[in-house]
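Data block below; observations after.
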Amino acid sequence: MVKRRILVTGGAGFLGSHLCERLLNMGYEVYCLDNFFTGQKANILHLLNNPYFELIRHDITMPFFIEADEIYNLACPASPIHYQYNGIKTIKTSVMGSINMLGLAKRIKAKVLQASTSEVYGDPLEHPQTETYWGNVNPIGDRACYDEGKRCAEALFVNYHRQNNVRIKLMRIFNTYGPRMHPNDGRVISNFIVQALNNRNITVFGDGSQTRSFCYVDDMVEGLIKFMDTPDDTVGPVNIGNPVEHSMLEIAEKILRFTGSKSNIIFEPLPKDDPLKRKPDISKAEKIIQWKPLVGLDDGLKETINYFKKTL
Ligand code: NAD
Ligand code: UDP
């Protein structure tokens, strides 16, 4: 039997490594492309002996050619610290990277899925966010390199679809967490867990009343694969995330409780343009791919804490 060949860009990152692993377990051949900016070999070490797994060091801002049936375009730094480190590079990764992957998909007639983001909604004025909401993004703010890069990528995807019939899938991913998050990437769940396990102060930004809705990585990977498998006329965008909303103070308190840490909560200034609230409306995902998250926050946090206990 000929195996389905799947290219995963950003495959050595947090989400990408889980996706590669799941696709291999499903019996597919996986090409993992990464420039290792935020990705780590440790995330995929256990896959390297699999003859159906290939690791390619490459930067998607440069053209790339391969024969594949499907492309998951996940390459892009995702945490504010990392995407703001070199904002121009972040924009290039979303824009030139998308052009390169869309050009490849067009040439080889592959399906291509873009890992878009809830950040396209910016600091949302509509709550919860539905796919029809156009967003509230500051185009010259600190988060613009990421948000506007991802918005431009969405525009590129729909134009390649309309003009060139490229088979596209636009998925808007909401905050996701789990094992293999980078311990120093500054995202809230990894930050709080690492701080708690080291008995360091837990840094809540602002007064901690801002909200996010956190999806466990296994649920997210399931959503990615199910959406890729939809018929060609299903292009999205579709929100994938866990709609249960929590304040950052609640998250800090939960992590303190689950780790039994002696850390104190301290309050630091809220970063500029930090969205006040975020919660996906997932009725579209429920309808088109019969998807909804299965892992609750408490269980997911405990898994993630166990992972960091082992790796730190
Ligand atoms: P991550 O930083 O762990 O993974 C990104 C991967 O892309 C890394 O392995 C990195 O080395 C690689 N990469 C970055 N720039 C590249 C380039 N120019 N060429 C090749 N590889 C490059 O982040 P993640 O959380 O796994 O996110 C994966 C994707 O999902 C990203 O596109 C992100 O925007 C999107 N997303 C993630 C979340 C989340 O909560 N994790 C939320 C919304 C969207
Ligand atoms: N946050 C926090 N303390 C930290 C890191 C983040 O209070 O040490 C807050 C941050 O201000 C934001 C929320 O947690 O309101 C989620 O931040 P993250 O960077 O994880 O995701 P994003 O803001 O991109 O959704």
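What follows is calculated from the coordinates using simple rules that are stated; it is not laboratory data. Predicted model, so just to flag it, every value in this text is computed and none were measured. All Cβ positions, even for glycine, are placed from backbone atoms using ideal geometry, and neighbour counts span all protein chains on display.
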Each label sits 7 Å from Cα toward the beta-carbon; between PHE36 and LYS309 the label points are separated, in nm, by 3.1
Relative contact order, percent, of the chain when contacts are C-alpha pairs under 8 Å separated by at least 6 residues?
17
What is the packing order of peptides 47-54, 115-122, 65-72, taking the mean over residues of other C-beta atoms within 10 Å and listing the highest first?
115-122, 65-72, 47-54
Kindly provide the helix-only [θ] at 222 nm of the chain, computed as the sum of -39,500 (n - 2.57) over DSSP H runs of four or more divided by all residues, to the nearest 500 deg cm²/dmol?
-12000 deg cm²/dmol
Where the centroid of each part is defined by its Cα atoms, how far is region 83-106 from region 227-246 in Å?
22
Order of PHE36, PHE308, PHE192 from fewest to most other C-beta atoms within 10 Å?
PHE36, PHE308, PHE192
As I understand it, the dipole of the chain uses +1 on the Cβ of Lys and Arg and -1 on the Cβ of Asp and Glu, about the Cα centre. Which of GLY39, ILE193, LEU297 lies farthest toward its positive end?
GLY39
Tell me, how many Å apart are the Cα centres for region 165-201 and for region 54-78?
21
Using alpha carbon positions and the Kirkwood radius, the Rg to Rh ratio of the chain is 0.95
How big is the charge dipole of region 121-239 about its Cα centre, in debye rounded to the nearest 20, if each Lys and Arg gets +1 on its Cβ and each Asp and Glu gets -1 on its Cβ?
260
Taking 0.36 nm per intervening residue step and subtracting the Cα-Cα distance, what contour gain separates ARG162 from ILE288 on full extension?
43.3 nm
Could you sort the peptides 74-85, 278-289 by per-residue average Cβ neighbour count (10 Å cutoff), highest mean leading?
74-85, 278-289
Links that overshoot a 29 Å alpha carbon limit, given the list LYS41/LYS92; LYS109/LYS284; LYS279/LYS310; LYS92/LYS309; LYS272/LYS309; LYS92/LYS254:
LYS279/LYS310; LYS92/LYS309; LYS272/LYS309; LYS92/LYS254
Where does each of 104-110, 246-252, 3-9 land if you order them by average Cβ count within 10 Å, highest first?
3-9, 246-252, 104-110
What whole-number volume per residue, in cubic angstrom, does the convex hull of the C-alpha atoms of region 146-258 give?
121
For helix 188-197, report the angle its Cα long axis makes with the longest principal axis of the Cα atoms of the chain; keep it between 0 and 90° and round to the nearest 10°.
50
